[in-house]
Amino acid sequence: MNTERFDERQLVARRKGIALAFYVMIIGLFLIATIGAFRGKEVFVSQMALSYFMILLGITVMTGYWIFKDAFLAVKETKHIGLYSLFYLILGLFMLFTTTSGTGKLIQQGQITESVVNFVALYWVSTGICLVIRNFRTLPSAVAKIPRRFYWLVLVEGAIVLISLYLNWEKEPDMKNLLLNFLLPAIMLTSGVALPPKDHKIAKWIFILLGSLWFGYISLYYLIGFHNHLWQ
């Protein structure tokens with residue numbers, strides 16, 4: 001933990017959040033064992049699934065406590081609360097969308113599976129929702145501070161996706177696959193463009209570089225048939 005980024009009040013709240021997460025995990029293990037005994041069937045398909053769930057539960061509780069105690073973001077980062085809220089929500093919803101599209105289900109035959117992606121997606125969505133609730137009154141002004149280049153880039157990306165849908169309507173058998181191929185590189189690129197350079201210089205340029213290359217390749221793939229066997 002980089003203590004220099006947080007003031008003393010935040011550091012105290014962050015320590016309490018870690019302790020709370022620990023206690024919640026202990027209580028959660030007891031409740032899960034009790035539920036499994038009463039229903040005559042284990043709640044989770046394996047001990048590994050249980051471990052994944054408990055770890056993510058603890059992290060989620062800890063993060064939520066930090067958010068509502070204004071200790072999740074450093075003092076200098078609170079001005080970017082609108083961007084962080086959008087980032088967590090969009091990334092979490094994307095991960096949930098991909099997993100519910102066939103890459104893995106959270107619950108099968110009445111048991112929670114080992115789908116780590118689902119657990120992580122729920123964490124991202126929960127964090128985004130907590131940020132929105134905690135900063136609901138100030139969120140409109142926070143969103144207004146997001147750089148305009150972010151919105152322009154989203155418009156350009158949206159136009160490319162729409163054109164790709166039109167050009168591949170009869171070529172691509174699954175349009176959901178097309179959208180999924182565009183979504184992650186688009187999120188990566190827009191996140192890099194929107195990140196403040198002073199606070200996240202290295203991450204900003206890594207996101208921009210990887211996002212540009214990835215989104216550019218996908219765009220060529222669907223716009224002109226570059227490496228796309230469906231265009232042959």
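The values are calculated or read from the model by the stated rules, or taken from the named source; none is laboratory data. Just so we're clear, the structure is a prediction, and the values are computed from it rather than from any experiment. FYI the Cβ positions are ideal-geometry reconstructions off the backbone, even for glycines, and counts take in every protein chain you see. Areas reflect the complete protein model, heavy atoms only, side chains present, ligands, DNA and RNA absent. Shrake-Rupley method; radii C 1.70, N 1.55, O 1.52, S 1.80 Å.
Close contacts from region 157-176, counting a first residue that is assigned to a helix (DSSP H, G or I) and a second that is crowded, with 17+ Cβ neighbours inside 10 Å, with Cβ to Cβ under 6 Å and a gap of 6+ residues or different chains, come to Glu157/Ala186; Ile160/Ser219; Val161/Phe182; Ser164/Tyr222.
Evaluation of Glu8 against the conditions (1) farther than 20 Å from Phe68 by Cα; (2) exposed (fewer than 12 other Cβ atoms within 10 Å of the Cβ) shows that the sole unmet condition is (1). Being more than 19 Å from the chain's Cα centre (by Cα) and at pLDDT 85 or above is a property that holds for Ser212.
One line per residue, one yes/no per condition, for (1) in a loop (DSSP other than H, G, I, E, B); (2) modelled with pLDDT of 90 or more:
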| position | (1), (2) |
| --- | --- |
| Gln10 | no, no |
| Arg14 | no, yes |
| Leu20 | no, yes |
| Ala37 | no, no |
| Lys41 | yes, no |
| Met48 | no, no |
| Tyr52 | no, no |
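For every residue, the table says whether it meets (1) buried (at least 17 other Cβ atoms within 10 Å of the Cβ); (2) over 30 Å from Ile67 (Cβ atoms).
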position: Ser115; (1), (2): yes, no
position: Tyr123; (1), (2): yes, no
position: Lys171; (1), (2): no, yes
position: Leu178; (1), (2): yes, yes
position: Leu183; (1), (2): yes, no
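If the condition is being open to solvent by less than 60 Å² (accessible area, probe 1.4 Å) and among the small types (Gly, Ala, Ser), then region 33-50 contributes Gly36, Ser46, Ala49. Looking for something within 30 Å of Leu57 (Cα to Cα) and at pLDDT below 85 - is there at least one such residue anywhere in region 143-161? Yes, region 143-161 has at least one match.
Looking at (1) at pLDDT 70 or above; (2) open to solvent by 30 Å² or more (accessible area, probe 1.4 Å); (3) among the hydroxyl-bearing types (Ser, Thr, Tyr), can you tell me which one Ser85 breaks? Ser85 satisfies all of (1) at pLDDT 70 or above; (2) open to solvent by 30 Å² or more (accessible area, probe 1.4 Å); (3) among the hydroxyl-bearing types (Ser, Thr, Tyr) except (2). Out of Gly36, Gly40, report the one residue that is over 26 Å from the mean Cα position of the chain (by Cα), without any contact (Cβ under 8 Å) to a residue 12 or more places away in the chain and closer than 18 Å to Glu114 by Cβ. Every option except Gly36 fails the conditions.
One residue is enough: does region 134-141 have a residue meeting the conditions small (Gly, Ala, Ser) and either surrounded by 14 or more Cβ atoms within 10 Å (Cβ to Cβ) or at pLDDT 80 or above (or both)? Within region 134-141, none of the residues are small (Gly, Ala, Ser) and either surrounded by 14 or more Cβ atoms within 10 Å (Cβ to Cβ) or at pLDDT 80 or above (or both). In region 88-116, the residue that is farthest from the chain's Cα centre (by Cα) out of those that are of a type in the set (Val, Ile, Thr) and modelled with pLDDT under 70 is Thr103.
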